[in-house]
1. Collect residues whose amide H, placed 1.01 Å from N in the peptide plane, falls under 5 Å from the amide H of Leu90; neighbours closer than 5 in sequence don't count.
2. Report the relative contact order of the chain, percent, no decimals, based on alpha-carbon pairs under 8 angstrom and at least 6 residues apart.
3. Would you mind classifying the stretch 45-141 by shape? Square roots of the alpha carbon gyration tensor eigenvalues, ordered a ≥ b ≥ c; an a/c under 1.5 is rounded, otherwise it is prolate if a/b is larger than b/c and oblate if not.
4. Toward the positive end of the charge dipole of the stretch 15-109, about the Cα centre and with charges on Cβ (Lys, Arg +1; Asp, Glu -1), which of Ser19, Asn92, His61 goes farthest?
5. If Asp104, Asp88 are ordered by their accessible area, calculated over protein heavy atoms with a 1.4 Å probe, which sequence runs from highest to lowest?
6. Compare Asp66, Asp115, Asp44 in a GNM of the chain, Cα atoms joined below 10 Å, and give the one with the largest fluctuation.
7. At 0.36 nm per residue, minus the direct Cα-Cα distance, what do Ala78 and Leu105 gain on full extension? Give it in nm, one decimal, please.
8. Could you order the peptides 192-198, 224-230, 75-81, 29-35 from most to least packed, using the average number of other C-beta atoms within 10 Å per residue?
Amino acid sequence: MAYTIDLSGRVALVTGASSGLGWQFAQVLARAGAAVALGGRRLDRLKELRAAIEAEGGDAHVVRLDVTETASISGAVAHVETEVGNIDILVNNAGISQSGPLADLRPEDFDRVFDTNARGAFFVAQAVARRMIARAQGAAPGTWAGGRIVNIASVAGLRAVSQLGAYAMSKAAVVHMTRVMAHEWGRYGINVNAICPGYIDTELNHGFWGTENGRRTRDALPRKRVGRAEDLDLVLLMLAAGQSHFINGAIVNADDGYAV
Ligand code: NAI
């Protein structure tokens, strides 16, 4: 028997959809049938992605979202729920990187990274979960399908990686945030899980792989290779699917064995 993941009738919000993993996650969810809200700051890029999804017969909507601004978060979530529908799936993907020795880390860089990766991810999830909780509380028994929150953490949040300073610490916060949310929101039918990708070639790090340092980093990986965005398709679909209702609080490594 063929096994399919069908997200028809579901509404998904992907943050940081204008490039890299977010771009790919949005396409994957749309191909599985979900209506996808593309959240981000670069509206031209988001419109380009919307056109690409529509060209494949999918349903996509652009929403301006800066995860460092709480007003932008509440406005974007309200906009999606009014214009597209109740959010069933959140992919908390927006993130920024920062590198350099810990001894040189400046308070402003620490704050910038935490504001996006940890604080931003938290308040987006909170805004979405508040609405999911309200719906769960108002639903007749057995009628609530449940929500899915997928936080994009990193292998750097699981094991020490040098020179990634505040980034690694912020991703460790995302890992634990996932567990706390799963623990507290599970009773409302909300499943919160995290994906910890290893190195994936995206806009975030593309320039690095061509450098001497990049080649050394790649050669030190277990299989001396860097992943592609599509290598995460299946793990994302699994965590977004209705069938994964028994998976809550999981931290899923997708790193080619780097964290072990
Ligand atoms: P990317 O730089 O292509 O994508 C990050 C996206 O987040 C961009 O579209 C950016 O505009 C958006 N973003 C940043 N700040 C934002 C803000 N304040 N509001 C809204 N959007 C904002 O990089 P990539 O690789 O696609 O990263 C996606 C996620 O995956 C990030 O959370 C990153 O930390 C994580 N990750 C990436 C890995 C990699 O090797 N590429 C490895 C592990 C985790």
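1. Leu13, Arg148, Ile149, Val150
2. Working: 506 pairs, mean separation 47.1, N = 260.
Value for the chain: 18 percent.
3. Values: a/c = 2.78, a/b = 1.46, b/c = 1.91.
Cα axes put the stretch 45-141 in the oblate bin.
4. Highest projection toward the positive end goes to Ser19.
5. Numbers: Asp104 105, Asp88 30 Å².
Largest accessible area first, the list is Asp104, Asp88.
6. Maximum fluctuation in the GNM of the chain, among the listed residues, is at Asp44.
7. Working: separation 27, 0.36 × 27 = 9.72 nm, distance 3.63 nm.
Going from the current span to full extension adds 6.1 nm.
8. Working: 192-198: 25.1, 224-230: 15.0, 75-81: 19.4, 29-35: 22.0.
Result, highest mean Cβ count within 10 Å first: 192-198, 29-35, 75-81, 224-230.
The values are calculated or read from the model by the stated rules, or taken from the named source; none is laboratory data. Predicted model only: the values in this text are computed from it and were never measured. Cβ: placed from backbone, ideal geometry, glycine included. Neighbour counts: every protein chain shown. Side chains are part of the model used for accessible areas, which takes the heavy atoms of the whole protein and leaves out ligands, DNA and RNA. Shrake-Rupley method; radii C 1.70, N 1.55, O 1.52, S 1.80 Å.
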